[in-house]
1. What distance in nm separates the simple spin-label points at Glu28 and Gln47, each placed 7 Å from Cα in the Cβ direction?
2. Starting with the highest mean, order 167-178, 80-91 by the number of other Cβ atoms within 10 Å, averaged over the residues of each peptide.
3. Indicate, rounded to the nearest 5 percent, the antiparallel portion of the DSSP beta bridges found entirely in the chain.
4. Need one number for segment 2-154: average projected area of the convex hull over its C-alpha atoms, nm².
5. Return the percentage of antiparallel bridges among DSSP beta bridges fully within segment 2-154, rounded to the nearest 5 %.
6. Just the C-alpha atoms of segment 198-254: what Rg/Rh do they give, with Rh taken as the Kirkwood radius?
7. Check each of the trypsin sites (Lys or Arg not before Pro) in segment 171-258 and keep only those in coil by DSSP with at most 14 other C-beta atoms within 10 angstrom; list them in order.
8. What number comes out for accessible area per residue over the chain if the probe is 1.4 Å? Units Å², please.
Amino acid sequence: MFRVDIMTLFDLTVGDVLSESILGRAQERDILRIEAHQIRDYTLNRQKQVDDYPYGGGHGAVMQADPLYQCWKHITDAYGGGRTIYLSPAGKTFCQARARELARECDHLILVCGHYEGIDERFIEECVDEEISLGDFVLTGGEIAAMAVTDAVCRLVPGVLSDPECFEEESHWNGLLEYPQYSRPEEWHGRRVPAILRSGDHKNIARWRRKQAIVRTRDRRPDMYARLDLSSKADQKLLREIAEEEAAAAEASPNDMP
Ligand SMILES: C[S@@+](CC[C@H](N)C(=O)[O-])C[C@H]1O[C@@H](n2cnc3c(N)ncnc32)[C@H](O)[C@@H]1O
């Protein structure tokens, strides 16, 4: 069973969100266990205070090392050591490749959510294996980042999704963004589902989807596009078709072009 323990000041909210839908059902089937731990329960003072002023001055408060340590120790004593990750804007930016590694290489994650101005560096030195950031912005607390990491990793744990194909065609799996998706009805607000998707010709549908994924990635994420290997014969043919189709579209309506 893959286990995630989340150390937080908002255990009820985090626990509620992560027990819904796919992750909730995987927990019912004992493939996953996700538990949120209230850091305040590990304080030794009556006020359950977990923060104090920062040494050196400055505004705000810093989460103290000891309540964090006691909470972490409770988890590791009860469930064994896990990979301990502090969610932090100063960490390495999270991505699908890291989610895949964590799902493959670990079976127990301990996620530490900071709040206020962050957490005492000595806890990080003593207990944390890695710092992960959700992106180049600052959140109020680590909970949203911890939930994002938990969700992204847990859906890759074998058995959580019904079929690996569910994620193997998704954005970021193979360096491409996913092709556009459609569902019923066939026509909505005058917009029709592309005819190819209604043809039942699975080989051609797969070609169309790859072509769409290539164009999307080129237009939206030139950084990802630059890293793609499109040297296969099949992809070279698709690239020629894309160029021809775009040239024809430009000729048909020259004023629409940038
Ligand atoms: C207000 S932030 C503290 C920011 C810190 N003073 C700094 O400048 O790096 C409070 C907590 O939110 C979480 N957090 C904020 N931004 C984050 C991000 N981009 N990724 C992951 N966690 C983040 C961290 O757990 C952090 O301890």
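The values are calculated or read from the model by the stated rules, or taken from the named source; none is laboratory data. Values in this document were obtained by computation on a predicted structure and should not be read as measured data. As a convention, Cβ positions derive from the backbone with ideal geometry for all residues, glycine included, and neighbour counts pool all protein chains shown. Accessible surface is based on the protein model in full, side chains and every heavy atom, while ligands, DNA and RNA are left aside. Shrake-Rupley method; radii C 1.70, N 1.55, O 1.52, S 1.80 Å.
1. 4.4
2. Working: 167-178: 16.1, 80-91: 18.6.
Ranked by mean Cβ neighbours within 10 Å, highest first: 80-91, 167-178.
3. Numbers: 4 of 27 bridges.
Counting DSSP beta bridges with both partners in the chain, the antiparallel share is about 15 percent.
4. On the way: hull surface 36.8 nm².
So the mean shadow area of the Cα hull is 9.2 nm².
5. On the way: 2 of 25 bridges.
Of all bridge pairs located within segment 2-154, approximately 10 percent are antiparallel.
6. Working: Rg = 12.6 Å, Rh = 12.5 Å.
Computed over Cα atoms, the ratio is 1.01.
7. Values: sites: Arg191, Arg192, Arg198, Lys203, Arg207, Arg209, Arg210, Lys211, Arg216, Arg218, Arg220, Arg227, Lys233, Lys237, Arg240; in loops: Arg227.
Taking segment 171-258 and a limit of 14 other Cβ atoms within 10 Å, the loop trypsin sites (Lys or Arg not before Pro) found are Arg227.
8. On the way: 15590 Å² over 258 residues.
Roughly 60 Å² per residue, with all protein chains present.
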